[in-house]
There are 2 protein chains.
Amino acid sequence: MEKLSIVKIGGNIIEDQSSLKAFLKLFSSIEGKKILVHGGGKRATSMASKLGIESKMVNGRRITDAETLEVITMVYGGLVNKNMVAQLQAFNTNAIGLTGADVNSIVSEKRPVKDIDYGFVGDVKQVNFKSVDALMQAGFVPVFCAITHDGNGQLLNTNADTITSQLAIGMSHLYETSIYYCFELDGVLKDINDKNSVIKHIDSKIYKDLLNEGIIADGMLPKLENCFNALQHGVTTINMGNISMLTKENDNFTRITL
Amino acid sequence: MEKLSIVKIGGNIIEDQSSLKAFLKLFSSIEGKKILVHGGGKRATSMASKLGIESKMVNGRRITDAETLEVITMVYGGLVNKNMVAQLQAFNTNAIGLTGADVNSIVSEKRPVKDIDYGFVGDVKQVNFKSVDALMQAGFVPVFCAITHDGNGQLLNTNADTITSQLAIGMSHLYETSIYYCFELDGVLKDINDKNSVIKHIDSKIYKDLLNEGIIADGMLPKLENCFNALQHGVTTINMGNISMLTKENDNFTRITL
């Protein structure tokens, strides 16, 4: 099976123009088939505030009302995504910017209202991996923002980590698929206060041990749950660390396998 | 040669949700290969004003400073384009939303500063018709907004009529290409005050006569100049009228040929 790298970058890289440029240059140097997924970070929040739209958060998650969805569509789908595509073209990467509505690539379902009404938030239902592959077969590099659609004309705000793992699960029908989650840390740390304590490899057994020892907790727990779910559904390897893990010089990051 | 229809819609259709829906349904019913090009209309102006950005016009043309370009990228490339793509998907049209940066489809040059500095405005230099065709060959329907790029990472605001005609000229290397310019009028009128005076056919000779009689003037003059330029460079037919010309029932519109 041919290899495919899916790289996800978070808000803090996007917000700093020189970090973003350095990242896009690195991304362009990745050989073989690849896909980029990006979040939007604080730009949507600051744009909303400029427009006098209040950002409502519940348990750290954004409530997406109709006005907020408009801002997200403008900022993630337009401003961030299209500028990234233009910059990738300058690095000779033939990028194509996408939401889940484009080529009907990612269909989601509006989250049902239980205790909390999250508004226009979508949970991924289906990845049309053949359509995404058709773009790659034509020589293009997909760049996804964190927006999906319900198939009935409604765009939906969707978590970028989830898009990444669901896309990877879908693409693993056709490719030996690896995910690279780029974030601020060098990797999963054994001691949160010691940035030199990167755990270089985690598999199912080590993961269980780390859980028992209470080393994995807080924000890292759902991230790793999400990783093992992807691995159980066909993804080959997941890597977590800072963007330099995309070079061959740096081996100080966390590699996760089943 | 296979046939290709390129349809351009203006701002007034986009601004009214029910007109837009009616149009997208009609567009979806067009058989064979097709491309949609849209402007952005007044939404960019109203968004700019909400953000406290002054819209500067010179001779009826927008001056695109850095802030205005951001708004255009958000509104045309994000909000308008992606909502249109989602709605087309609901009509079973497998749409893909594009700027000229995506798949490097339309490369332009920042307009040189002479008497007026138009800012981040691009004049089309090259249409990569093979890349656009690769998307259509994969079964997708391109939906272009009025943004191009310079190949060096810079997005540029570009007139939607020009994008349409340049795209059509490019695609005519591969297809028997027709343009449909949808606007408020039923077609080119012999008497501007009589909406029943649609001129059903204009060719080079009739055009010369109409010019001599002073019937073509003002806003219609550059539009028709642009049309004959496209026809001279390979485009087969250009149609101008309201959206019902896309149905087979209405023959009350202007057909332009060489």
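Every number here is computed from the coordinates shown, using simple stated rules; none is lab data. Since the model is a prediction, treat every value here as computed from it, not as a measurement. Don't worry about glycine lacking a Cβ; one is built from the backbone with ideal geometry, like all the others, and counts go over all protein chains shown.
Worth a mention:
- Residue of B:Thr177, B:Thr247, B:Thr64 that the Gaussian network model of chain B assigns the largest fluctuation, springs spanning Cα pairs under 10 Å: B:Thr247
- Chain A, closest residue to the rotation axis toward B, by beta-carbon, whole angstrom: A:Gly78, 1
- Between segment B:87-120 and segment B:33-50, the Cα center-to-center distance that results, in Å: 11 Å
- 18 Å cut-off, amide nitrogen to a point 7 angstrom out along A:Leu258 Cα→Cβ, residues in segment A:155-186: A:165-179
- Prolate/oblate/rounded call for segment A:63-163, Cα gyration tensor, a/c under 1.5 rounded: oblate
- In this simple spin-label approximation, A:Ser204 and B:Asp218 carry label points 7 Å from Cα along the Cα→Cβ vector, and these lie 7.5 nm apart.
- For A:Thr247, inter-copy separations between label points set 7 Å beyond Cα along the Cβ vector come to 6.3 nm, shortest first.
- Rounded to the nearest 20, the Cβ-based charge dipole of segment B:3-182 about its Cα centre (Lys and Arg +1, Asp and Glu -1) stands at 340 debye.
- Over segment A:173-258, the hull volume per residue, using the convex hull of the C-alpha atoms, is 89 Å³.
- Within segment A:101-119, backbone nitrogen closer than 14 Å to the virtual label 7 Å beyond the Cα of A:His233 toward Cβ: A:106-109
- For A:Glu176 and A:Ser244, a Förster radius of 22 Å and the Cβ-Cβ distance give a FRET efficiency of 0.45, rounded to the nearest 0.05.
- Chain A - percent relative contact order, Cα under 8 Å, separation 6 or more: 21 percent
- Cα shape, segment B:145-185, gyration tensor, a/c 1.5 rule: oblate
- Using the average count of surrounding beta-carbon atoms within 10 Å as a protection proxy, the listed peptides A:35-44, A:127-136 rank, highest first, as A:35-44, A:127-136.
- For the pair segment A:153-219 / segment B:229-258, the C-alpha centres are spaced 54 Å from each other.
- Amide H within-cut-off set for A:Ile192, under 5 Å, with H built and near neighbours excluded: none
- For chain B, a Gaussian network of Cα nodes joined below 10 Å ranks B:Ile216, B:Ile179, B:Ile72 by mean-square fluctuation, and the top entry is B:Ile216.
- For the pair A:Asp251 and A:Leu185, label points projected 7 Å from Cα toward Cβ lie 2.2 nm apart.
- Placing a label point 7 Å from Cα along the Cα-to-Cβ axis, A:Lys110 is separated from the same position in the other copies by 4.3 nm, shortest listed first.
- Using θ = phi - 60° in the Karplus curve 6.51 cos²θ - 1.76 cosθ + 1.60, the 3J(HN,Hα) couplings for segment A:54-64 round to 6, 8, 9, 10, 10, 6, x, 10, 6, 7, 9 Hz; x is entered for Gly and Pro.
- Cα gyration tensor shape for segment A:1-102, rounded if a/c is under 1.5, else prolate or oblate: prolate
- Between A:Gly77, A:Gly187, A:Gly219, the GNM of chain A built on Cα springs shorter than 10 angstrom shows A:Gly219 fluctuating the most.
- Largest first and in whole Å, the equivalent-ellipsoid semi-axes of the protein assembly as shown read 45, 22, 21, each the square root of five times a Cα gyration tensor eigenvalue.
- Globularity ratio of segment A:3-182, using Cα Rg and 2.2 N^0.38 Å: 0.99
- Exercise: per-residue mean of other protein chain Cβ atoms within 10 Å, B:91-100: 5
- The order of the peptides A:190-203, A:105-118 by mean Cβ neighbours within 10 Å, most packed first, is A:105-118, A:190-203.
- Shielding by partners for peptide B:154-163, expressed as the average number of C-beta atoms from other protein chains within 10 Å of each residue's C-beta, is 1.
- Secondary-structure-derived ellipticity at 222 nm for chain B, considering helices only, amounts to -10000 deg cm²/dmol, per-run term -39500 (n - 2.57) for DSSP H runs with n ≥ 4.
- Per-peptide average of other Cβ atoms within 10 Å, ordering B:6-13, A:159-166 highest first: A:159-166, B:6-13
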